[in-house]
1. Can you tell me which of PRO227, PRO311, PRO296 is open to solvent by 10 Å² or more (accessible area, probe 1.4 Å), over 25 Å from ALA198 (Cβ atoms) and modelled with pLDDT of 95 or more?
2. Mind listing just one residue for me: the one in the range 243-295 that is small (Gly, Ala, Ser) and part of a helix (DSSP H, G or I) and, of those, nearest to ARG310 (Cα to Cα)?
3. Determine whether ILE62 is of a type in the set (Val, Ile, Thr), over 23 Å from ARG212 (Cα atoms) and open to solvent by less than 40 Å² (accessible area, probe 1.4 Å).
4. Being in contact with a helix residue (DSSP H, G or I) (Cβ under 6 Å, 6 or more places away or on another chain) and surrounded by fewer than 20 Cβ atoms within 10 Å (Cβ to Cβ): is that true of HIS175 here?
5. Out of the residues in the range 108-134 that are among the acidic types (Asp, Glu) and at pLDDT 85 or above, state the one that is surrounded by the fewest Cβ atoms within 10 Å (Cβ to Cβ).
6. Of everything in the range 135-145, what is in contact with a strand residue (DSSP E or B) (Cβ under 7 Å, 6 or more places away or on another chain), open to solvent by less than 10 Å² (accessible area, probe 1.4 Å) and more than 19 Å from LEU95 (Cβ to Cβ)? Give them in sequence order.
7. For the range 27-49, which positions are under 30 Å from ALA104 (Cβ atoms), open to solvent by 40 Å² or more (accessible area, probe 1.4 Å) and acidic (Asp, Glu)?
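The values are calculated or read from the model by the stated rules, or taken from the named source; none is laboratory data. Here the structure is a predicted model, which means the values were calculated and not measured. Every residue, glycine among them, receives a Cβ derived from its backbone with ideal geometry; neighbour counts consider all protein chains shown. Remember, those area values only see protein heavy atoms, side chains included, never the ligands or the DNA or RNA. Shrake-Rupley method; radii C 1.70, N 1.55, O 1.52, S 1.80 Å.
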Amino acid sequence: MPRASVVIPCYNAERFVEEAVASAQAQTIDDIEIVCVDDGSTDTTLDILKRLAEDDQRIRVISQANQGEGPARDAGLVAATGDWLYFLDADDLMLPSLLEKAIARGEQEDADVVIFRTTMLDDQTGEQHLCDWSFKRDWICEDTFSPRQHPDHVFNSFQNWVHNKLFRGAFVRKHDLHMQHVHRTADLLFTCRALAEAERITLFDTPLYFYRINNAQSAMSTSDFYPLDFYRAFVGLRTSLEEHGTWELYHDSFVNWAIEGIAVNLRFANTYEAYRIIADELEAEGFDLLDITAFPRTKSDIPFYYDLIRPLVEGSPQETLYAIGKSHRDEHGGAETSASRARMRISELEDVVRRSDEMLNQQSERIAELESELSGLRHDLTCVTTSASFKVGRVATFLPRQGLELARKARKRLRRQ
C-alpha cells in the first residue's frame, strides 16, 4: 500500500495536464501512486497520460466515457489504495513538499483531515498571490479541533475544495465517503461529510498548492451548463446529514453555507436563462428544502449574502434580483485581471527599486575603496618625495636631466628649420 494516492480527474486538459502530473511526480516522498482518470476527453489528454504512464510506473490511467467531474473523481477514489488521499485538479499544481508536510502534520496531530492554504495562479497574467480565504479564522481559532466543538461554523469556515485538503484513507473508507455524481460542485458532499464525520481536523497555515484562476475552461466559468448542480449538492448534503443523525447539530452552519452558495451562483450566472433556472427551482421548493425560508437574519454569519437573496425568498420579481446580481458581476468583470496586472507592475517596480538600491550600495562601497586606495597612494608619494634618498637622487640626476632637456629643444629647432 503506497504512502499516498494522488487522484487527478482530467477532461480536455491537454494545455495543463502534463505540468499538473509533473508536480505530483516531483513530490519529496517517492512512495505514492498517481491515479489519472480521463473523463472522455476529445483532445490529446489521454495520449499525454498514456505517454507519461509509460515512463513512470507510479502512474495509472483510467479511461471512461464523459460523465463529469464527480464520477471521474469517484472513479479515482475507488481505485486509490494509499494511506492518505489527495485530489489534484488537472489544471493546478502541487508544491513539491505538499504530501510530505501535510502527512507529517496529519500524523503529528492524529487528524483525519488536514487543511492548508492555497496560492492563486492567474492564468492570464501568471501572477501568484496568497488566497487568504482558503479557510476562515473568524470562528475557529484552534489549529486542531473536533468538528463538534464548532458545529455552527464547520462548513462555512472552509471551501468545498478537495485540493487544499488531505484525507486519511482509512477514515474515508470507514465512512464510505464518495463524490456526488454531478458535473460541478461534486466535492461539496464529500468535503462536508468529511468535515462532519472527522474525529479531528487540523489546519496548516502554509500554502502548498497553486490554484489556477481566470481560466475560461474552469468549472466555475462554465457553470451555466449545469446551473442546478450546486443546489443538488446541497440537497444531497442535507439528506446525508439526516441519514447520519447530524442534521440538527450542523443545521445553522449548513444553512449559512447554502445561503452563500446560492448568492454566489446567482451573482455569477452568465445568462438570464441560467439565473431563471436557479431562481425557479429555489422558489418552487429549494428554499424550503434547504431550510432557508424561516431562517432569521440574526443567525446569519454574512448578512450581505442573506440580504442579497432575501427578496427572492419573499417572492420579489426575479428580474430585480437578477439586475442586482448582474451589476455585481459587471463591476467585477475584468477587475481581477486588471488588479492582477497592477499588482505585478507594482512588484516589478519594487524589484527595480531594490536592484537600484543594491547597485548604489555597491557603487558607494567601491567609491569608498578607491578613496581609501588613493589616500594610501598620496601618503606613499609624500613619504617618497620628502625622503633624503629622493632628494639626493634629484641632485644626482640634475645634469643628465638638463642635458636631455637641451637636446629636446635643439631637435625642436631643427624641425622648424
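1. Result: PRO296 is the single residue among PRO227, PRO311, PRO296 that is open to solvent by 10 Å² or more (accessible area, probe 1.4 Å), over 25 Å from ALA198 (Cβ atoms) and modelled with pLDDT of 95 or more.
2. ALA263
3. On the way: of a type in the set (Val, Ile, Thr): yes; over 23 Å from ARG212 (Cα atoms): yes; open to solvent by less than 40 Å² (accessible area, probe 1.4 Å): no.
Criteria not met by ILE62.
4. Working: in contact with a helix residue (DSSP H, G or I) (Cβ under 6 Å, 6 or more places away or on another chain): yes; surrounded by fewer than 20 Cβ atoms within 10 Å (Cβ to Cβ): yes.
Answer is yes for this residue.
5. Of all residues in the range 108-134, those among the acidic types (Asp, Glu) come to 109-110, 112, 122-123, 127, 132.
Checking the rest, the ones that are also at pLDDT 85 or above come to 109-110, 112, 122, 127.
On the way: GLU109: 17, ASP110: 11, ASP112: 24, ASP122: 20, GLU127: 20.
Filtering the range 108-134 for residues that are among the acidic types (Asp, Glu) and at pLDDT 85 or above, the one surrounded by the fewest Cβ atoms within 10 Å (Cβ to Cβ) comes out as ASP110.
6. Scanning the range 135-145 gives a single hit, PHE145.
7. Matches in the range 27-49: ASP30, ASP31.
So that you can scan it fast, the table gives a plain yes or no per residue for (1) among the β-branched types (Val, Ile, Thr); (2) more than 30 Å from ASP143 (Cβ to Cβ):
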| residue | (1), (2) |
| --- | --- |
| LEU166 | no, no |
| LEU177 | no, no |
| THR202 | yes, no |
| ASN265 | no, yes |
